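The values are calculated or read from the model by the stated rules, or taken from the named source; none is laboratory data. What you are looking at is a predicted structure, and each value in this text was computed from that prediction instead of being measured. For neighbour counting, all protein chains shown are included, and Cβ atoms are generated from backbone atoms with ideal geometry for every residue, glycine included. Keep in mind that these areas ignore ligands, DNA and RNA; they rest on the heavy atoms of the full protein, side chains included. Shrake-Rupley method; radii C 1.70, N 1.55, O 1.52, S 1.80 Å.
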Amino acid sequence: MLKKYITFAFILFGLLPCVQAEEVERRSDAWITDFFQKGIMSAFAEYNLKLSPPQNPSPNYYKRMSYSVEYSRFTNTYSLRFVYEYRDDWNVLTDNGNHPPAQEQPYQTGSKIQPWTNSNGLGTYSEVYQRSIPNWMIFQSLDSLLIMQGKLGNPLPPLTGLFHSDELKAMKKLQKTNKAAMLSCFEFDQAGNLVEFSKSYLDEFKEENLKLKKPVEDFSIVIRNKADDVVFVKPILHGSDIQIIEGVLLKYGDKRAKIYNFELNAILHKFIPQIFANPQEIIEKYITDLQEESDTEFMRFQTSAIK
C-alpha cells in the first residue's frame, strides 16, 4: 500500500510547487535549467565503504572496499566496478605461520579472486567484480525533472499524498497533546491540516552530517552534460533522527542548490544505493515511528497484514 502512495507522490513531485510562507525568499535556480537543457552525457560516482581497522594494526595493514559506477547516454549503459583489497604482514595473517590466512568470502557472485599470496613477508588478497547493463533507464527522466526544478525553485510534494486519512488524523491529535517531536518537519495551517515541510526543518540539513550517518567515505559524484560542463552531487542529511526525506546538494562552479525531491532521490538511490537511501524506506520508517507515537494501528498496516 505504501508503494502506491509513494508512486502517487513521485508523479506529482516535480510538477506542482507548494506555496510557502517564505515564498518571497525563494529564487529560481535558472542555472540548473540551463545545465540540464543541454542534455546529460554521463554520470559517474566512486566511493569507499567505511571499514573498521583492527586494534593496533601493523604498519603494513591495508583494507579497502571501493565502488565505481558510470552511466553513459551515448551507449545507454550502466557499468559497475567493485574492488576489495586486503594486505597485511604475513606473520600477522598466519599467526606466525601456525595456520593459513583466514578464508575470505566473496562479496559478489562471479567476481575474479586473487587468493592470498606471500611476497617477501607481505600477504595480499583481492576481489574484482565488473558488470555492464545495456539499456539502463535510471536517468531517462532526470533531465526533465531537474529542468522543472530550475524553473520552479524548489517544488515540494503534495504531502497528503504520502499519508492516509487516519495518519493525518493522528498527526492532528499529536499536535493537540504537544507531542511535537514527530511533527517538527512539517508546517500546519490554523485548522491543524498538514501543509508542507517546515522551513526550519529543511534549514537543518547539513553536509557534515554525512560523516556520521553514511557508511561511505572519500566519495565523488558528478553529472556531465553534452557541453562538457560538470555538476557535483551529494546527499545532505538532517541532524536529528527524525527523517522524512534526504536532501540533495548540487554544486556547479560557485553556484549551489539544495533540492528536496522524492523522485530525484529514488533515481539516485538506484544509481548509488550505498550513498542515497531509498526514499520509500525513509517514509515507511517515519510512518512506523508515527504509529508508535500515536499508539494506533494505522489502516495501511492492517491491510498489509491481511494480504
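Run down 246, 217, 297, 263 and say which single residue is loosely packed, with under 15 Cβ neighbours inside 10 Å and either at pLDDT 95 or above or closer than 30 Å to residue 31 by Cβ (or both).
Numbers: 246 fails: loosely packed, with under 15 Cβ neighbours inside 10 Å; 297 fails: either at pLDDT 95 or above or closer than 30 Å to residue 31 by Cβ (or both); 263 fails: loosely packed, with under 15 Cβ neighbours inside 10 Å.
That would be 217, the only listed residue that is loosely packed, with under 15 Cβ neighbours inside 10 Å and either at pLDDT 95 or above or closer than 30 Å to residue 31 by Cβ (or both).
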Residue count for segment 56-106, restricted to those that are hydroxyl-bearing (Ser, Thr, Tyr) and under 30 Å from residue 142 (Cα atoms) = 9
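From 198, 184, 165, grab the single residue that is among the hydroxyl-bearing types (Ser, Thr, Tyr), farther than 21 Å from residue 282 by Cβ and surrounded by fewer than 19 Cβ atoms within 10 Å (Cβ to Cβ). If you could, list the steps in order and put the result at the bottom.
Numbers: 198 fails: farther than 21 Å from residue 282 by Cβ; 184 fails: farther than 21 Å from residue 282 by Cβ.
The unique qualifying residue is 165.
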Determine the pairs where a residue that is touching a residue at least 24 places away in the same chain (Cβ under 8 Å), located within segment 185-210, has a partner that is among the polar types (S, T, N, Q) with Cβ atoms under 7 Å apart, the partner being 6 or more residues away or on another chain.
-> 185/198; 186/198; 187/198; 194/160; 196/20; 199/20; 201/184
Is it the case that segment 123-136 has a residue that's modelled with pLDDT under 90 and of a type in the set (A, V, I, L, M)?
-> yes
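Being under 14 Å from residue 84 (Cα atoms), touching a residue at least 40 places away in the same chain (Cβ under 8 Å) and open to solvent by 70 Å² or more (accessible area, probe 1.4 Å) narrows it down to one of 125, 107, 129, so name that one.
On the way: 125 fails: open to solvent by 70 Å² or more (accessible area, probe 1.4 Å); 129 fails: open to solvent by 70 Å² or more (accessible area, probe 1.4 Å).
Criteria check complete, one pass: 107.
With the condition kept exactly as written, say whether any residue in segment 143-163 is under 30 Å from residue 42 (Cα atoms), among the small types (Gly, Ala, Ser), in a loop (DSSP other than H, G, I, E, B) and under 30 Å from the mean Cα position of the chain (by Cα).
From segment 143-163, those under 30 Å from residue 42 (Cα atoms) are 143-157; that's our starting set.
Now restrict to residues that are among the small types (Gly, Ala, Ser): 144, 150, 153.
With the extra rule that they be in a loop (DSSP other than H, G, I, E, B), the set shrinks to 153.
Narrowing the set further to residues that are under 30 Å from the mean Cα position of the chain (by Cα) leaves 153.
Checked segment 143-163: at least one residue is under 30 Å from residue 42 (Cα atoms), among the small types (Gly, Ala, Ser), in a loop (DSSP other than H, G, I, E, B) and under 30 Å from the mean Cα position of the chain (by Cα).
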For segment 254-265, pairs from a residue that is over 19 Å from residue 186 (Cβ atoms) and without any contact (Cβ under 8 Å) to a residue 24 or more places away in the chain to a residue that is part of a helix (DSSP H, G or I) and open to solvent by 90 Å² or more (accessible area, probe 1.4 Å), with Cβ under 7 Å and 6 or more apart or across chains, are none
Residue tally, condition open to solvent by 30 Å² or more (accessible area, probe 1.4 Å), under 13 Å from the mean Cα position of the chain (by Cα) and over 10 Å from residue 275 (Cβ atoms), over segment 220-243 | 1
Among (1) open to solvent by 10 Å² or more (accessible area, probe 1.4 Å); (2) closer than 30 Å to residue 74 by Cβ; (3) in contact with a strand residue (DSSP E or B) (Cβ under 7 Å, 6 or more places away or on another chain); (4) of a type outside the set (Val, Ile, Thr), residue 269 falls short only on (3)
